[in-house]
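Below is one structure, written out as structure tokens; comments come after it.
The values are calculated or read from the model by the stated rules, or taken from the named source; none is laboratory data. A quick note: this is a predicted structure, and the numbers were derived from the prediction, not measured. Here the Cβ positions follow ideal geometry from the backbone for every residue, glycine too, while neighbour counts run over all protein chains shown. Quick note on the areas: whole protein, heavy atoms, side chains included, nothing else; ligands and nucleic acids left out. Shrake-Rupley method; radii C 1.70, N 1.55, O 1.52, S 1.80 Å.
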Amino acid sequence: MTEIRIRIEGGRRLQRLLQNPEFVRGPLQLFLRASSLEIEKESKLRTPVDTGRLRSSIKTSLAPLRAAVGTNVHYAPHVEYGTRPHWPPLSAMQPWARRHGFPAGRAGAFLVARRIAQRGTRARRFMQRGAKAAIPAITRHLDQLAIAIGRRWSRGS
């Protein structure tokens, strides 16, 4: 997991102001929105594409002081983290096998399923790599957040 550390220097006044949700809400919401959209964009660029469903499902969800980037596609964790060898259902393999030029019907699906049963699937880490790629932009957004909070502090808000 990628970690960003922030060190805040200042007196008690700054600490009081930073603990006041109204003081930081506006700038913090802008930071969260910009940063999470950056992660979404970078993750989509790194998502493997077959039908496009997984990539198009990556979305940002915003709450007042919280942001999350993710997908609701049930197979996303299997693509992100890979799988151990297992025998997948042939019905799930048939459409994929057909799109990728394997023999029609159950024969093609069997070939794909057998390979997965032998080796599993490899991790693609599209979300993790997307978050890591977004760090330079997030750092810039963090600088903008600090400037916005500094302006509010100097006004005595």
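So the check is Cβ under 6 Å with 6+ separation or different chains; which pairs have a first residue in region 45-73 that's open to solvent by 70 Å² or more (accessible area, probe 1.4 Å) and a second one that's in a loop (DSSP other than H, G, I, E, B)? Sorted first by the residue in region 45-73, then by its partner, the pairs are 55/47; 55/49. Checked against (1) in contact with a Lys or Arg (Cβ under 8 Å, 6 or more places away or on another chain); (2) open to solvent by less than 80 Å² (accessible area, probe 1.4 Å), residue 103 meets all criteria but (1). Number of residues in region 112-130 that are over 18 Å from the mean Cα position of the chain (by Cα) and among the charged types (D, E, K, R) equals 4.
For region 48-97, the set of residues classified as modelled with pLDDT of 95 or more and among the basic types (Lys, Arg) consists of 53, 55, 59, 84, listed by residue number. Scanning region 138-147 for any residue that is under 26 Å from residue 27 (Cβ atoms) and open to solvent by less than 30 Å² (accessible area, probe 1.4 Å) turns up at least one such residue.
Among residues of region 106-123 being more than 24 Å from residue 44 (Cβ to Cβ), touching a residue at least 24 places away in the same chain (Cβ under 8 Å) and out of contact with any Phe, Trp or Tyr (no Cβ under 8 Å at 6 or more places or on another chain), the one that is most open to solvent (accessible area, probe 1.4 Å) is 119.
The residues of region 47-97 that are closer than 18 Å to residue 129 by Cα, of a type in the set (S, T, N, Q) and in a helix (DSSP H, G or I), listed by number, are 56, 57. The numbered conditions (1) over 23 Å from residue 138 (Cβ atoms); (2) touching a residue at least 60 places away in the same chain (Cβ under 8 Å); (3) of a type in the set (Phe, Trp, Tyr) are all true for residue 126 except (1). Every test in (1) out of contact with any Gly (no Cβ under 7 Å at 6 or more places or on another chain); (2) farther than 30 Å from residue 27 by Cβ; (3) open to solvent by 60 Å² or more (accessible area, probe 1.4 Å) is passed by residue 92 save one, and that test is (3). If you go through region 111-152 and pick out every residue that is in a helix (DSSP H, G or I) and touching a Gly at 6+ places or on another chain (Cβ under 8 Å), you end up with 2.
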